[in-house]
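First comes the structure, then the notes that go with it.
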Amino acid sequence: MLTAEQVAAYDRDGFLVVEDFAAKEDGAALIERADELMRTADLSEVRTIFTTKEQERVSDDYFLGSGGEIRFFFEEEAFAPDGTLRQPIEDSINKIGHALHDLDPVFDRFSRQPALAEVAADLGLDDALLVQSMYLCKQPRIGGEVGCHQDATFLYTDPITVTGFWFALEDATVDNGCLWAAPGGHRTSLRKLFKRRADGPGTEFEVLDDAPLPDPHEPGALVPLETPAGTLVVLNGTLPHGSDENRSARSRHAYSLHCIRASAAYPSWNWLQRDLPLRGF
């Protein structure tokens, strides 16, 4: 599926951009299905916000129990001071996670297409298991920033094997919150681990290396990955990357999968735990 040049670029940069990977009708089917899920879900008692700020504080039971479920997380600015939504529900959700690929047939078909299995195998993931999926809305005007991070912080294995597959379902630009990445940054150390607390409920960060991640506000530290709809971006687990907030009038819908190697150990202190068995492509 991948050329030798593409594999070399991935090894060099820690990410790979593959345009026209997904057919537009397949992306449209995911958008339609996500919209249906948001409109029909009973979220009257759900007020969990997803934000990369103060993640230890906002890791509630609804979030921690989402590893084997389909759950909904609101944008940080979705609610008015009186607790009501400022806009319709489908314009208020930050993301849906984290087992769409196992529990929804539309997302399952997309996630387990043969071409994606071939890409994983070309990158040495011939025994890949799908551990997490997320539908990412990046809503117009209120789409939250995702701070610079490394995926292995949140989905750690020994050895580190987590790999992200991010699909642009709509055009992603610097205006509506495209990905930003640090070329070659995957060759640096893993900075932190995001762990379930051993002494009670909630989560905590364990610092492994206090060297700072690249500063998104420092010119040249990260490069924008502007991608048309249908593009696949593969992300190494230790690559520093993130995305800006979306203050534009256009959404930036995307779908993200993370896989790990079956041969790697997955600790019980990882925040994401599942009752469902892990399956491959």
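Pick from segment 197-211 the residues that are surrounded by fewer than 10 Cβ atoms within 10 Å (Cβ to Cβ), not in a strand (DSSP E or B) and not small (Gly, Ala, Ser): which of them is nearest to the chain's Cα centre (by Cα)? Per the criteria, the residue is Asp210.
Could you please let me know if Glu218 is at pLDDT below 95, surrounded by fewer than 19 Cβ atoms within 10 Å (Cβ to Cβ), among the acidic types (Asp, Glu) and in contact with a Lys or Arg (Cβ under 6 Å, 6 or more places away or on another chain)? No, not satisfied. Looking only at segment 212-232, which residues are more than 16 Å from Asn176 (Cα to Cα), of a type in the set (A, V, I, L, M) and part of a loop (DSSP other than H, G, I, E, B)? Listed by number, the residues that qualify are Leu213, Ala221, Leu222. Going through (1) surrounded by fewer than 22 Cβ atoms within 10 Å (Cβ to Cβ); (2) within 14 Å of Tyr255 (Cα to Cα); (3) of a type outside the set (Gly, Ala, Ser); (4) in contact (Cβ under 8 Å) with a residue 24 or more places away in the chain one by one, Val174 falls short only on (2).
Every residue, every condition in (1) assigned to a loop (DSSP other than H, G, I, E, B); (2) surrounded by fewer than 20 Cβ atoms within 10 Å (Cβ to Cβ), yes or no:
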| site | (1), (2) |
| --- | --- |
| Asp126 | yes, yes |
| Tyr135 | no, no |
| Arg141 | yes, yes |
| Gly147 | no, yes |
| Leu155 | yes, no |
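Taken as a whole, the condition of being among the acidic types (Asp, Glu) and either touching a Leu at 6+ places or on another chain (Cβ under 8 Å) or modelled with pLDDT of 90 or more (or both) does not apply to Asp60. Answer yes if at least one residue in segment 134-147 is touching a strand residue (DSSP E or B) at 6+ places or on another chain (Cβ under 8 Å), closer than 22 Å to Gln6 by Cβ and of a type in the set (A, V, I, L, M, F, W, C), and no otherwise. No; the residues of segment 134-147 include none that is touching a strand residue (DSSP E or B) at 6+ places or on another chain (Cβ under 8 Å), closer than 22 Å to Gln6 by Cβ and of a type in the set (A, V, I, L, M, F, W, C).
Checking each residue of segment 206-215 against the condition of being over 26 Å from Gly68 (Cβ atoms) and at pLDDT below 95 gives at least one match. Considering only residues of segment 16-42 that are β-branched (Val, Ile, Thr) and modelled with pLDDT of 95 or more, which is surrounded by the fewest Cβ atoms within 10 Å (Cβ to Cβ)? Filtering first and then ranking leaves Ile31. Every condition in (1) surrounded by 24 or more Cβ atoms within 10 Å (Cβ to Cβ); (2) of a type in the set (Val, Ile, Thr); (3) closer than 18 Å to Leu222 by Cβ holds for Thr163 except the one numbered (3). In segment 97-124, of all residues being assigned to a helix (DSSP H, G or I) and acidic (Asp, Glu), the one that is surrounded by the most Cβ atoms within 10 Å (Cβ to Cβ) corresponds to Asp102. Just one of the listed residues (Ala181, Ala221, Ala229) is touching a strand residue (DSSP E or B) at 6+ places or on another chain (Cβ under 7 Å) and closer than 17 Å to His149 by Cα, namely Ala181. Could we say that Pro240 is in contact with a helix residue (DSSP H, G or I) (Cβ under 8 Å, 6 or more places away or on another chain), closer than 22 Å to Pro159 by Cα and at pLDDT 95 or above here? Criteria met by Pro240. Given the structure, is Ser111 within 16 Å of the chain's Cα centre (by Cα) and more than 19 Å from Phe73 (Cα to Cα)? For Ser111, the condition - within 16 Å of the chain's Cα centre (by Cα) and more than 19 Å from Phe73 (Cα to Cα) - is met.
The values are calculated or read from the model by the stated rules, or taken from the named source; none is laboratory data. Note that this is a predicted model, so its numbers are computed, not measured. Cβ atoms come from the backbone with ideal geometry, glycine included; neighbour counts cover every protein chain shown.
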